[in-house]
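The values are calculated or read from the model by the stated rules, or taken from the named source; none is laboratory data. Everything quoted here is computed from the prediction, not taken from an experiment. Neighbour counts run over all protein chains shown; Cβ positions are idealised from the backbone, glycine included.
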Amino acid sequence: MRANLTPRETESSVEAVLRLLESGKARLVSIFAAADDSGAARVRYIADVNREYRIIGVPVTGALQSATPVSPAAAWYERELHDRYGIEIDGHPDLRPLVSHLADYRFLEAQGVGVCELPVGPIHAGIIEPGHFRFSIVGDTVLHLEPRLFYTYKGTEKLFEGDTLANGVMLAESVSGDNCFSHAVAFSQSVENAFGISVPPRGRSIRLLGLELERMVAHIADLGALCGDVGCAVPAVYTARIKESLLQASACCFGTRFWRGIAIPGGVRRDLSAENARAFGHAVADATADFADIARIALDTPSVLNRFEATGVLGNKIARDLGVVGPAARASGVRIDVRRDHPYGHYRNIAVEIPHFPLGDVLARAHQRIEETRVSARLIQETLHDLSAGIVRTPVPCDGSAEGFSAVESPRGELLYWIRIRDGKIARCHIKSPSFQNWPSLPFAVHGNITADFPLINKSFNLSYSGCDR
């Protein structure tokens, strides 16, 4: 088990990267471009090799050999390199624009007797963010789905450049609003790892409380949304009440509902009194018991089981090939979790149980969230019981130059930040979102299902448009 620190970058070739991926010993984590201080272009490959992150830098002197035929998880990363940086990728099976909506785009077409196309979006009813889904169907059965995203592309990584480290936290919090604390902690840890800063034990513990609360809130809301999608209104309303009880407890005990403005490089901005710690523990215990009851009732309801079971199956091999992360991966039997595999903060001092389910359907993803909520509640209670005394923040230098890397397990999965700091300002920031990693797997889960089940399958993944588009 390795600590989640900045790995030393090594220089190599694409061929060496391909050999590493072909060996089966490495999981591709991210690919991104970042110019060196001299201005020379360099592509960096991040891989997880036997639970150790490795960063491999490859100078760009011409076209790069595609890693997609070896590791399908590379497909979107290489399309983004081609879109944003004009890097030629030899051997890529599909270099249509990914991020850019200015260029012509042709959806893949399924042909045959009775095949129809059904376009959905990009504008949807309600408050959902924009995304286009092009279905090829026969009757009600989905033959093929192609998502077209990046309507909310904001150039967030570019916005970091030239800004201060303090402002960088606020930018990180804006990437994906319902996972804002995970982003803030991941960014802050990248700065801390860059400068070798150690966060005080109490600060690390409070961060864990916020991270696990964010996970509980997300998973409780997700189960309610799944029940609401199949017309089971009571659990949908009940989980909304439980979620609100946790948010109100957070506001009373920490002064914040969604933990914006709490994380900062060096620790956290707010402490927790003994009285508030007890109150927060009671609130979490009550919410956990309530949620366990309503989750049992929901999954004992025949009409819910009928819609969840064997719907939207994502097989284990496809999940591994595409590098799927988070609850979606674990519900397909891929037992990965940054908290255990690359521990950070207070997770280095606490045992994290990793539930997983083998079947990969909507029911498995519902069970996954229920079990992870139970684990999060236990981690919160253990941390509150052993909360260290002392300060919650260590000062971080406002100048200097360094590079840092961090990964956290957000509610959606592995979230990564890589940052270059020059003279106290951000020169480059790369964000690997779990939603960017997981969106390509959705068509495989939808294939062979009926169109009426698409909203349910989509919700069971609960991917972020804004977090993916960045």
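See the values below:
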{"quantity": "Search result, residues across region 183-216 that are over 21 Å from the mean Cα position of the chain (by Cα) and free of Cβ contacts under 8 Å to residues at least 60 places away in the same chain", "calculated": "196"}
{"quantity": "Residue check, residue 359 under 30 Å from residue 305 (Cα atoms) and in a helix (DSSP H, G or I)", "calculated": "no"}
{"quantity": "Scan of region 303-328 for residues that are in a loop (DSSP other than H, G, I, E, B), at positive phi and of a type outside the set (A, V, I, L, M, F, W, C), ordered by number", "calculated": "312, 323"}
{"quantity": "Single unsatisfied condition, residue 437 versus (1) surrounded by fewer than 24 Cβ atoms within 10 Å (Cβ to Cβ); (2) of a type in the set (S, T, N, Q); (3) in contact with a Gly (Cβ under 7 Å, 6 or more places away or on another chain)", "calculated": "(1)"}
{"quantity": "First in region 370-381 and over 14 Å from residue 211 (Cβ atoms) and without any contact (Cβ under 8 Å) to a residue 24 or more places away in the chain, second anywhere and aromatic (Phe, Trp, Tyr) and part of a helix (DSSP H, G or I), Cβ under 7 Å, 6 or more apart", "calculated": "none"}
{"quantity": "Of the criteria (1) out of contact with any helix residue (DSSP H, G or I) (no Cβ under 7 Å at 6 or more places or on another chain); (2) of a type in the set (D, E, K, R); (3) farther than 24 Å from residue 56 by Cα, which one residue 459 fails", "calculated": "(1)"}
{"quantity": "Residues (crowded, with 24+ Cβ neighbours inside 10 Å and outside any strand (DSSP E or B)) located in region 394-421", "calculated": "411, 412"}
{"quantity": "Near pairs, Cβ below 6 angstrom, 6+ apart or cross-chain, from region 257-280 (in the same structural domain as residue 242 (by TED's automatic domain parsing) and surrounded by 16 or more Cβ atoms within 10 Å (Cβ to Cβ)) to any residue that is assigned to a strand (DSSP E or B) and not acidic (Asp, Glu)", "calculated": "262/268; 266/393; 267/393"}
{"quantity": "Matching entry among 432, 459 (being touching a Phe, Trp or Tyr at 6+ places or on another chain (Cβ under 9 Å) and among the charged types (D, E, K, R))", "calculated": "432"}
{"quantity": "Candidate set from region 73-118 (those that are closer than 27 Å to residue 39 by Cα and of a type in the set (Phe, Trp, Tyr)); member that is surrounded by the most Cβ atoms within 10 Å (Cβ to Cβ)", "calculated": "77"}
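Condition check ((1) touching a His at 6+ places or on another chain (Cβ under 8 Å); (2) at pLDDT below 95; (3) part of a loop (DSSP other than H, G, I, E, B)) across all residues:
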| site | (1), (2), (3) |
| --- | --- |
| 45 | no, no, no |
| 68 | yes, no, yes |
| 79 | yes, no, no |
| 99 | no, yes, yes |
| 106 | no, yes, yes |
| 110 | yes, yes, yes |
| 124 | no, yes, yes |
| 135 | yes, no, no |
